[in-house]
1. Taking the stretch B:53-158, which trypsin sites (Lys or Arg not before Pro) meet the DSSP loop condition and have no more than 13 other C-beta atoms within 10 Å?
2. Within chain D, which DSSP H helices have Cα atoms that stretch 18 Å or more along the helix axis and a mean Kyte-Doolittle hydropathy of at least -0.5?
3. Among the listed pairs D:K66/D:K247; B:K66/D:K66; D:K303/D:K327, which have their C-alpha atoms separated by more than 21 angstrom in this model?
4. Please name the residues of the stretch D:18-39 whose accessible area, counted over protein heavy atoms with a 1.4 angstrom probe, falls by no less than 50 Å² between the chain alone and the full protein assembly.
5. With every protein chain kept in place and ligands, DNA and RNA left out, what is the accessible area per residue of the stretch B:148-225? Probe 1.4 Å, answer in Å².
6. According to the Kirkwood expression over distinct Cα-Cα pairs, how big is the hydrodynamic radius of the stretch D:1-47, in Å?
7. Hey, got a sec? Which trypsin sites (Lys or Arg not before Pro) in the stretch D:246-348 land in a DSSP loop and have at most 13 other Cβ atoms within 10 Å?
8. How big is the stretch D:186-267 in terms of Cα radius of gyration and Dmax, in angstroms?
Number of protein chains: 4
Amino acid sequence: MSHNTFGHLFRVTTWGESHGPALGCIVDGCPPGLALDAAFVQSFLDKRRPGTSRFVTQRKEPDQVKVLSGVFEDDRTDGPVTTGTPISLMIENVDQRSKDYSEIRDRYRPGHADYTYDQKYGVRDYRGGGRSSARETAARVAAGAVARRVLGDEIVIRGAVVQIGPHMIDPENWDWDETANNPFWCPDADMAKVWETFLDETRKSGSSAGAIVEVQASGVPAGWGAPVYGKLDSELAGAMMSINAAKGVEIGAGFAAAGFSGEENADEMRMGNDGVRFLSNNNGGVAGGLSTGQDVVVRVAIKPTSSILTETRSVTRDGEEVDVRTKGRHDPCVGIRAVPVAEAMLACVLADAKLRHRGQIGS
Amino acid sequence: MSHNTFGHLFRVTTWGESHGPALGCIVDGCPPGLALDAAFVQSFLDKRRPGTSRFVTQRKEPDQVKVLSGVFEDDRTDGPVTTGTPISLMIENVDQRSKDYSEIRDRYRPGHADYTYDQKYGVRDYRGGGRSSARETAARVAAGAVARRVLGDEIVIRGAVVQIGPHMIDPENWDWDETANNPFWCPDADMAKVWETFLDETRKSGSSAGAIVEVQASGVPAGWGAPVYGKLDSELAGAMMSINAAKGVEIGAGFAAAGFSGEENADEMRMGNDGVRFLSNNNGGVAGGLSTGQDVVVRVAIKPTSSILTETRSVTRDGEEVDVRTKGRHDPCVGIRAVPVAEAMLACVLADAKLRHRGQIGS
Amino acid sequence: MSHNTFGHLFRVTTWGESHGPALGCIVDGCPPGLALDAAFVQSFLDKRRPGTSRFVTQRKEPDQVKVLSGVFEDDRTDGPVTTGTPISLMIENVDQRSKDYSEIRDRYRPGHADYTYDQKYGVRDYRGGGRSSARETAARVAAGAVARRVLGDEIVIRGAVVQIGPHMIDPENWDWDETANNPFWCPDADMAKVWETFLDETRKSGSSAGAIVEVQASGVPAGWGAPVYGKLDSELAGAMMSINAAKGVEIGAGFAAAGFSGEENADEMRMGNDGVRFLSNNNGGVAGGLSTGQDVVVRVAIKPTSSILTETRSVTRDGEEVDVRTKGRHDPCVGIRAVPVAEAMLACVLADAKLRHRGQIGS
Amino acid sequence: MSHNTFGHLFRVTTWGESHGPALGCIVDGCPPGLALDAAFVQSFLDKRRPGTSRFVTQRKEPDQVKVLSGVFEDDRTDGPVTTGTPISLMIENVDQRSKDYSEIRDRYRPGHADYTYDQKYGVRDYRGGGRSSARETAARVAAGAVARRVLGDEIVIRGAVVQIGPHMIDPENWDWDETANNPFWCPDADMAKVWETFLDETRKSGSSAGAIVEVQASGVPAGWGAPVYGKLDSELAGAMMSINAAKGVEIGAGFAAAGFSGEENADEMRMGNDGVRFLSNNNGGVAGGLSTGQDVVVRVAIKPTSSILTETRSVTRDGEEVDVRTKGRHDPCVGIRAVPVAEAMLACVLADAKLRHRGQIGS
């Protein structure tokens, strides 16, 4: 992870500002011969697209992706396939209402990157947060689609929201199919109703709410990852924490493991039909930095959207004290749209781990 | 972070197994002219050394560090200084009781890396966990000492244990001086007594306990970090999650922020004597991936030591079901010795951020 | 240098195929506040553009660059300036005559990457050489323009052709101004005439010629570079050898130094008005991998264009023996257009060295 | 290539100064299960060892290597094998006569890194050149031994000296076996005699001579390398130019190709018994940055040893003009001992290319 690039063999570089002409990514190191067209990438972008419900930003961005390089359709191939060269994916910005932001040009919105970008760079594109905008995550989702092709169909990556504000789902109610039935990716039908009420209130009051996202990958074989600094969980933690508004990452039992005894935490093993079978998954599918063959389970804490209508105390670029209200079209709970983003990051980290694993080990 | 190296300009590569002849690290990219001798490095290693109390492993390792390269003492200098070339630090292993481990040669200890290393590599040094042993963290602590020299005295890095098992400190009681008065790095004198009783029971029963470590850096100027994938918090998350037994990382309010409203979470700003003053630090000193100038605050969840005397169900290398007890000399709560390690990782990440910042920005 | 990215702090990633919709680059890690607009980048692209004389390819590509991100024009700034975020530069392909290439779809052109790409990837975009086309170098030239901004006006980077086919310039005649007076970047007016005749014959016969390009940077301060594997000359060698058709790189006296005695080769030193003055520059401005403060001098050997009209023996994808003639619009001497490319690579390597130097050293 | 590390998946980090206690390397990313013991590594170090003839430095260094980590000998294995963890190799310095260098503490030896190190770092270990000493190359040779294990026996790497001073071998006389019969790695028996006379004179006069080294790898399959900045020839150029005293690198016909016509340069293809057969190898086994399956052929120009007894004009650290004679025990032609070093760099680059290739491609 270096500036705007992450990954080692499967490498993703993203670019673009919220209110520039476009944004995009370069995916480098992708294996050749994988089916890839714009429609496949688009299917994931559509999950993250703004304006799909009243609980997300009302900015109207079709987020149509173009594939500018790295694929080729030949007579020998059945549709475009990757060629092993860099894949350039671009999404044009359409609905930039830059005027909405003119008044915060010189005012630092608390919780945003306004102040820190100015401190670092001395100049910043303040329109929509510029580079620090969550629009950047569209590029991650596009890259994640490519990563899924690298992983193949055996590895299934899914995500859900497990907490919004103080309201946590009941894990007993977990039903993956349910995530498609509500606008929150909520796997607990009862909780989805609670969230609807809660977020409507939040939205109407101009406030915002935090959330916890959980993503899982099943089908990952044992042994992926590279100790001791390229550990799979270390890579996942870095990748997830790079998502806008992320403030915490945990694997498996995570922070709860701190309260466990060694006996409670032990993922005991027995022989199953296909080899080793674990009796629990407190480790979240990673032990010693390497995948165990169990589901990889990662949770990410997303802070409430910093853009709120309530006045908050702040300062200007010139050191004057002011009160700031952030108008514009914001997500009342940015954690919702973080689901496809966290899925994408999980896919990218695993794709990179797969390639590095077979680089060192040979298969 | 790539295999056994981390950092970009300030780069640390570690090597060595628990029961090999030695372990160590190479610190590359260090600025020249910084005072550095073995005694300074040793002072940090002594904080992590085994055998200092009954609550840590009783393995007797003096952990004496040798500085093999990268420093030079000339007439022009007052003691050895760094030369800008790679600094090689080596610690010889002394007290390897390899026989203790012979019986687990073919048995996979639940929660350990035994199974995953075998799955990945097909061969493993099972003695004391080999490369996956927490002994590797001695090399991190040595590197962290160099990082502190890079950061200078204005940046103060400190750590504490804030939870052991289910027992959490009271933040109101926080007193940094107190961390030196008990064997737990506990900043809450009352809680230290609770932990003493709790860990004595844990230890006597052959069990183990998890913990949460908190590390802080004060004096970090605003603007360090490099969005969007080299974010300071992203680098910190990756670095901390690479510590043995870490299962979660959070910055500032962390997972608690998921339950906050936007108003509760906002770190409002006012002008202070030295520029901007924040009215809270939910962001943990990082916004938009860049340091804010506030204290950088990171917490790491450490799972209970996997080595316990209680029998746990497992399998052998050959697929036989067995029950495993892990004898040997283990930490009942490995989170305690994780404090100097997490401090070292924080120091290394910040030293790297400092060098990268001035690389791009110029000062 | 990794796949399609090079540089450490000043990092360039390029993408695009010869006959795809566009090509471009992302320049990451650029310092903020540098004036940068499309016109400045364009001025360098125009030096490399096809169709400027009868001695280069007749493909008609305007090579108009768009700046898609990483710059911002604010009231506070006088024209667009870099913001420190990734700079995305894109050039659309206009004049793709893909049909010209249909017949070499299954035939391997000797000297081209056709065979090796097929061997590696199993699929390739054969149109115009796909990713292996020299069109990719347009992206390097665009990145080089940004690098020049990083270096500032004190560092002057210039290039020339010093040999075409067997005809070498006379160094005694070297006149930088002359390079603008002929279509070869030839600094020797007499030799330019010889080349004109020689290349006209080459061109008419459907053949091609090799060349040697020399690039120089003046104004580089002493101390840039990072021994021992990030040596300035090592970085330069890697960068130059990555240029299409490059087969050799030398610094200063280069291969001639192999024939020198120690006395002949020594760059003796005396004191000048501004500090140390060297009496010769056999080292080409680099000693011990670090810049000496003298001109950095690099020469690159460029093989003759592999696309020739003469039939050459080859094979098909299916293992049939065939004779191949390469129609299309090719450079009779690709070394000519390599001048702005080599200049760009020199600029990029130096910009990266500058940032890394001040990262480690502090100024 | 970054500071003191090179390689991507097969990564080598070296450390140590000429007159420090030891030097060494860490080889990270090595595949597991490869036979590796100190004796195997030693066999390559012995080829580079000082004092083996009167034509190399008379410093007495046994250069005994210790393997400190990364290998394990288990009952299941027949001798130590690599475990996939970092391999730490260390060579202790024995014969440091530091007093020899006291007089050049403040004097800059022309052609050495003395001046540039001081300019960069402000402090330097002047004893024997410190980090810039060619002793560092012992660590490369040790790493190269590991690389050979990664490549296996099918890939044969060999080197020779093809020119010393102005005296070039006759390629017609090339006999690999001959390289073992003379102290120059000379493949031309007649030329070996010429060199003996020439170097005796050079040595007695206190002068030194340059050289050209050629290294070859046979058995490399087609397709290794990673366009466009990780090209195999680009990696080789960077690696070779990082060798002490290297001033030029060429692949295949190299600089001679600049004088060729397209017809002369074309490596035509026909079908052979095992697939494609090339009728020449001007490309030196690399086309489009990927291996062709032919022998990889690289030549490196090595400048004459800068340490000579003749007085040369120089300056002191304090800006006084002085004349410098370099006593000490130096190689009259450092190019000779560069052969095993260039072989090692070729092995390391290929090992890395092999791992990266199968990472992306899968086999």
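1. Details: sites: B:R54, B:R59, B:K60, B:K66, B:R76, B:R97, B:K99, B:R105, B:R107, B:K120, B:R124, B:R127, B:R131, B:R135, B:R140, B:R148, B:R149, B:R158; in loops: B:R54, B:R59, B:K60, B:R76, B:R97, B:R105, B:R124.
When the trypsin sites (Lys or Arg not before Pro) of the stretch B:53-158 are filtered for loop state and at most 13 Cβ neighbours within 10 Å, B:R54, B:K60, B:R76, B:R97 remain.
2. Numbers: long enough: D:137-151 (20 Å, 0.84); D:189-204 (23 Å, -0.77); D:334-361 (39 Å, 0.68).
Helices meeting the span and hydropathy rule in chain D are D:137-151, D:334-361.
3. Working: D:K66/D:K247 32 Å; B:K66/D:K66 16 Å; D:K303/D:K327 19 Å.
Cα-Cα > 21 Å for D:K66/D:K247; rest within.
4. Output list: D:I26, D:D28, D:P32.
5. Working: 3290 Å² over 78 residues.
Normalised by residue count, the accessible surface of the stretch B:148-225 is 42 Å².
6. Values: mean 1/r = 0.0803 Å⁻¹.
With all distinct Cα pairs of the stretch D:1-47 included, I get 12.5 Å.
7. On the way: sites: D:K247, D:R270, D:R277, D:R299, D:R313, D:R317, D:R325, D:K327, D:R329, D:R337; in loops: D:R317, D:R325, D:K327, D:R329.
Those that pass, being in a loop and sparsely packed, are D:K327.
8. 17.2, 49
The values are calculated or read from the model by the stated rules, or taken from the named source; none is laboratory data. What you see is a predicted model; the values in this text were computed from it and never measured. Cβ: placed from backbone, ideal geometry, glycine included. Neighbour counts: every protein chain shown. Remember, those area values only see protein heavy atoms, side chains included, never the ligands or the DNA or RNA. Shrake-Rupley method; radii C 1.70, N 1.55, O 1.52, S 1.80 Å.
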